[in-house]
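Notes follow the structure.
Since every read-out is calculated from the coordinates, none of them should be taken as a lab result. Small disclaimer: the values here were computed from a predicted structure and weren't measured. Backbone-built Cβ (ideal geometry, glycine too); neighbour counts: all protein chains shown.
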Amino acid sequence: MLAVVLEQKHVLRLREIALAEEPGPHDVRIRIHTVGVCGSDVHYYRHGAIGPFVVREPLVLGHEAAGTVVEVGRAVPHLRVGDRVCMEPGIPDAGSRAARLGRYNLDPAVRFWATPPVHGCLRPTVVHPAAFTFRLPDNVSFAEGAMVEPLAVGMHAVNKARVRPGDVAVVIGAGPIGLLTALAALAGGCSRIFVSDVVPERLSLAAGLGPVTPVDVRHENLAGVVRQATDGWGADHVFEASGHGAALSDALAALAPGGAVTLIGMPGAPVPIDVVAAQVKEARIETVFRYAHMFPRALALMEIGALNVRSLITDRFPFGDSSAAFDYAASPKPATVKIQIELP
Ligand code: ZN
């Protein structure tokens, strides 16, 4: 089939690749409609590796997808041909210790789309386990459905942070994950969110998401702004979504006593931490790796209108222009948040 294949770093081709897949009794075949371009896809394109995952063989990219069910395994009770769906891209070993503990995202044997050597979904069809395939509500478009994967990261972060009604939160970094985390935090009950970044276009987009105060850290001190707005107390939660190591000290400075810092962004190198600055606030530090059990919750919030991702989908490319989409994604305009590719 025709697929977006990363041959090696910097070499991306839309070309035929042999991918023979037959659905088993618990699988469905899905015709792909929309695929989001993720930072990880672009990282593989530019660098050929993420940490220990190295592209050694041609790799089909893409893991944020929505489409239509075209074939259903005989033991699948909940999906039918014609259902519009989105898919969780990471499939754990169901019998693994992590999966049995309900933390299947931490299964070392998880097979995740577009993570070498597992092919991704930038291709006309995929065969996928029905248990990781979720029907889209009628009012959720394919484009929105393809946003559920990155949204699930933000949902998982808000869940691990244990947000309570009325909490105040800070989100550091207004990229796709930061903005989706802000939306998840608002849907989860936060009354006010401060979003920091250095790109004015992204900050103004953030300000349109709800009770969000944008903080341009080129000109303003994040902790100062937060403290001033909270009677000197600080924020109950800080979500670090920039991946910049230096942001951790900003996070601790903006945090309220007893608050939680949740680390989402992945720095490229080890980061020093001021332990005492964390101790004097008894800061709780949480980390997230992808997500578990978040797709149904995200879709339920989208269905009732409590969470709307549309303004974050800023750029669309047709499948035939996938190479151009990745070149654009490697150096996008400042206003770009999420780039999506639409299949014919
Ligand atoms: Zn992603």
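Rounded to the nearest 500 deg cm²/dmol, what is the calculated helix-only ellipticity per residue at 222 nm for the chain, with -39500 (n - 2.57) per DSSP H run of length n ≥ 4?
Helices in the chain give a 222 nm mean residue ellipticity of -7000 deg cm²/dmol.
When you count, for each residue, the other Cβ atoms within 10 Å and take the mean per peptide, how do 28-34, 177-183 rank with the highest first? List each step's numbers first, then the result.
Details: 28-34: 21.9, 177-183: 28.4.
Packing order, densest peptide first, comes out as 177-183, 28-34.
Skipping prolines and chain starts, which residues have an amide H placed within reach, meaning under 5 Å, of the one on Leu14, given they are 5 or more residues away or on another chain?
For Leu14, whose amide H was placed from the backbone, the distant partners under 5 Å are Val5.
Compute the convex hull volume of the Cα atoms of segment 154-287, divide it by the residue count, and report the result per residue in Å³ as a whole number. Don't skip to the answer; put the middle values down first.
Details: hull volume 12.3 nm³, N = 134.
Taking the convex hull of the Cα positions in segment 154-287, it is 92 Å³ per residue.
How big is the chain in terms of Cα radius of gyration and Dmax, in angstroms?
Rg, Dmax (Cα atoms, Å): 20.0, 62.
Highest mean first, what order results for 61-69, 35-43 on Cβ atoms within 10 Å?
61-69, 35-43
Could you pull out every one of the lysines with an alpha carbon less than 28 Å from that of Lys281, ignoring same-chain neighbours closer than 8 positions?
Output for Lys281: Lys160.
Can you check what the Kirkwood hydrodynamic radius comes to for segment 239-296, Cα pairs only, in Å to one decimal?
Mean inverse Cα-Cα distance, inverted, gives 12.1 Å.
Using all Cα-Cα distances in segment 216-344, what percent lands in each 5 angstrom bin from 0 up to the longest?
Each 5 Å bin holds this share of Cα pairs: 2, 9, 13, 14, 15, 17, 14, 9, 4, 2, 1, 0.
Which far-off residues, 5 or more places away or on another chain, put their amide H under 5 Å from the one on Val238, with H placed in the peptide plane?
HN-HN under 5 Å from Val238: Val170, Ala260, Val261, Thr262.
Output wanted: per-residue J couplings in Hz (rounded whole) for segment 46-61, from phi through Karplus 6.51 cos²θ - 1.76 cosθ + 1.60, θ = phi - 60°, x for Gly and Pro.
Taking θ as phi minus 60°, the curve returns 7, 10, x, 6, 10, x, x, 8, 10, 7, 9, 10, x, 10, 6, 8 Hz for segment 46-61.
Checking the cross-link filter: which lysines have an alpha carbon closer than 23 Å to that of Lys333, excluding same-chain neighbours under 8 positions apart?
Lys9
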